[in-house]
Amino acid sequence: MVEMSLKDLIGDNLAAERPKSLAEQSADKLRELILLERLPAGLSLNERELSALLGISRTPVRDAIRLLEVEGLVDYIDGRLRVADPSMETLSHWLMIQGALEGLAGEQACAQATEAELAQIAALHRQMVDMAEGEDGLQRFRLDMDFHRAIVRAAHNPPLIETHNQYNTRLWRARYVSSQRRANRKQQMAKHQGIVDALQRRDAAAASAALIDHLRNAIGNIEAARSEVQAAAGE
């Protein structure tokens, strides 16, 4: 008799079919509020107010907070919960690691990606170009993150995907603020085009270098964006 694993018996789509828990739904809502700076960096939070805001009991709110804490979006300072406010030095360190991860992903994607995956990456880039000057900054940012995640998935390296996701969630707010700057949007689109071209040529060295350079450039862009936000707040 041939032994069958649980995966063989149940299939691959169990996780996709499982509905999100109330805590996960709450974390999604809070994550977006943090991303959009409606819950700004450094803001003190408490479970009672979050429970009232979301219209749910404190237990799922507490579980949602734990999820966001793992992602680095909230933290505790002197025992008080707040929206995380990492320093530029910390963000730079995270971005350097993210750049190394995406560089590795680009290299591996050149060898492992299917033609369909490369076509999807190129299609995401075209969507971003089409709406580069549009007003929907959140949708443009989501496309940007989808573009980078699609490259990492195309590497077909589960530990790389998991580690990249951990750093990506920590950097979402900083990268969102950066993505709203019009100053170098054309330059960013040109860099994305270079990444797509290298992937389609399956030029591992060029794809890796382009992704690392793109993330290195993001450090300066985020620093400029943070300075602009701080200057605007001081007016």
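The values are calculated or read from the model by the stated rules, or taken from the named source; none is laboratory data. Since we're looking at a predicted model, the values are computed, not measured. Please note: Cβ atoms are built from the backbone with ideal geometry, for glycine as well, and neighbour counts cover all protein chains shown. Quick note on the areas: whole protein, heavy atoms, side chains included, nothing else; ligands and nucleic acids left out. Shrake-Rupley method; radii C 1.70, N 1.55, O 1.52, S 1.80 Å.
What value in Å³ per residue do you get for the convex hull of the alpha-carbon atoms in the stretch 149-212?
Given the Cα convex hull of the stretch 149-212, per-residue volume reads 86 Å³.
Dipole of the chain, Cα-centred, from +1 at each Lys and Arg C-beta and -1 at each Asp and Glu C-beta, to the nearest 20 debye?
The dipole of the chain has a size of about 340 debye.
Residue by residue, what Karplus-based ³J(HN,Hα) values in Hz, rounded to whole numbers, does the stretch 53-61 have, using 6.51, -1.76 and 1.60 with θ = phi - 60° and x for Gly and Pro?
4, 8, x, 9, 6, 6, 4, x, 5
Go through the stretch 48-154 and name the GluC sites (Glu not before Pro) that are in a DSSP coil and have 15 or fewer other Cβ atoms within 10 Å of their Cβ.
E133, E135
Counting only residues 5 or more places away or on other chains, whose amide H sits under 5 Å from the amide H of L81 once H atoms are built in the peptide plane?
Answer set, sorted by chain and number: L45.
Would you mind telling me which residue in A190, A64, A113 has the biggest mean-square fluctuation in a Gaussian network model of the chain, where springs connect alpha carbons within a distance under 10 angstrom?
With Cα springs under 10 Å in the chain, the top fluctuation among A190, A64, A113 is at A190.
Springs between alpha-carbon atoms under 10 Å, Gaussian network over the chain: tell me which of K29, K191, K20 tops the mean-square fluctuations.
Of K29, K191, K20, the most mobile in the Gaussian network model is K20.
Pop out the ³J(HN,Hα) list for the stretch 172-180 in order, Karplus 6.51 cos²θ - 1.76 cosθ + 1.60 with θ = phi - 60°, rounded to Hz; leave Gly and Pro as x.
In residue order, the calculated couplings are 4, 5, 4, 6, 5, 4, 4, 5, 7 Hz.
Stretched out fully, how many nm does the piece from E228 to L36 gain, at 0.36 nm a residue minus the Cα gap?
Value of the extension gain: 67.5 nm.
Kindly sort T169, T90 by accessible area of their heavy atoms, largest first, with the probe set to 1.4 Å.
Sorted by accessible area, descending: T90, T169.
Averaged per residue, what accessible area in Å² does the chain show with a 1.4 Å probe, protein chains only?
55 Å²
Modelling each spin label as a point 7 Å along the Cα-to-Cβ direction, I'd like the K29/R58 distance in nm, to one decimal.
So the label points at K29 and R58 sit 1.8 nm apart.
Tally up the carbon and sulfur contribution to the accessible surface of the stretch 95-234 as a whole percent, 1.4 Å probe, everything protein left in place.
53 percent
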